[in-house]
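Data first, discussion second: the structure below is written as structure tokens.
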Amino acid sequence: MKPLHIILAVFAGLGVVALAAGVWGSRPCTLGVREGRLSPCPASPNCVSSFESGEHGMDALPHTSLPPQVMDVAVQVLTGFPRTTLLVREGNYAHFAARSPRLGFVDDVEILVTEDRIHFRSASRLGYDDLGVNRERMTRFARRLREQLE
């Protein structure tokens, strides 16, 4: 390989790494709690939320325990999922990053515990369709959380 080709290949590789770090590693600024709610889902089908209806909607999970105890269990359940990391925990809110197994694409998972409900949102950072991954994740979360809270 010619020296120029080697240099170009190295720079191209560094560019891909920088892009990946910036796109997959950055927390979207739209996350968090605003006016007692999690952010709305985008129009794309790669998001589910207990604050939504229709294709994005899932039911919030009722609970009868103290919110801090429920949050402890919710964090334990989600951090038990493969490639899922707790990024932020502030009071009754938590934010997790869930990475795909092969390419490491990040989905943002948020939990908001109120006096009698566990609300959540799970959304892909990239792409249009997630092939149901976020809905399946939150269905597993709901099932495991119910088991732990019973």
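The values are calculated or read from the model by the stated rules, or taken from the named source; none is laboratory data. Small disclaimer: the values here were computed from a predicted structure and weren't measured. When we count neighbours, we look across all protein chains shown, and the Cβ atoms used for this are built from the backbone with ideal geometry, even at glycine.
For this structure, a couple of remarks:
- Residue in the stretch 99-114 that is at pLDDT 95 or above, closer than 19 Å to residue 145 by Cα, in contact with a Pro (Cβ under 8 Å, 6 or more places away or on another chain) and among the aliphatic types (A, V, I, L, M) present: yes
- Qualifying residue in the stretch 9-32 (condition: closer than 29 Å to residue 150 by Cα, modelled with pLDDT of 95 or more and part of a strand (DSSP E or B)): no
- Checking residue 53 against (1) over 16 Å from residue 28 (Cα atoms); (2) in contact (Cβ under 8 Å) with a residue 60 or more places away in the chain; (3) more than 13 Å from the chain's Cα centre (by Cα), the condition it does not meet: (2)
- Criterion violated by residue 147 - all others in (1) under 25 Å from residue 36 (Cβ atoms); (2) assigned to a helix (DSSP H, G or I) satisfied: (1)
- Residues (under 20 Å from residue 48 (Cβ atoms), touching a residue at least 24 places away in the same chain (Cβ under 8 Å) and either assigned to a strand (DSSP E or B) or under 16 Å from the mean Cα position of the chain (by Cα) (or both)) located in the stretch 100-115: 100, 105, 106, 107, 108, 109, 110, 111, 112, 113
- Those residues of the stretch 59-92 which are of a type in the set (Ser, Thr, Tyr) and surrounded by 12 or more Cβ atoms within 10 Å (Cβ to Cβ), in sequence order: 65, 79, 84, 85
- Whichever residue in the stretch 34-58 is in a loop (DSSP other than H, G, I, E, B) and of a type in the set (Asp, Glu) and, among such residues, is surrounded by the fewest Cβ atoms within 10 Å (Cβ to Cβ): 35
- Within the stretch 93-102, the set of residues being surrounded by 12 or more Cβ atoms within 10 Å (Cβ to Cβ) and more than 23 Å from residue 34 (Cα to Cα) comprises 99, 100.
- Unmet requirement for residue 126, which otherwise passes all of (1) hydrophobic (A, V, I, L, M, F, W, C); (2) modelled with pLDDT of 95 or more; (3) out of contact with any Leu (no Cβ under 9 Å at 6 or more places or on another chain): (2)
- Boolean, residue 82 is closer than 23 Å to residue 146 by Cβ and either in a helix (DSSP H, G or I) or modelled with pLDDT under 95 (or both): no
- Residue 123 meets the conditions (1) free of Cβ contacts under 8 Å to residues at least 12 places away in the same chain; (2) of a type in the set (A, V, I, L, M, F, W, C); (3) in a strand (DSSP E or B) in every case but one. The failed one is (1).
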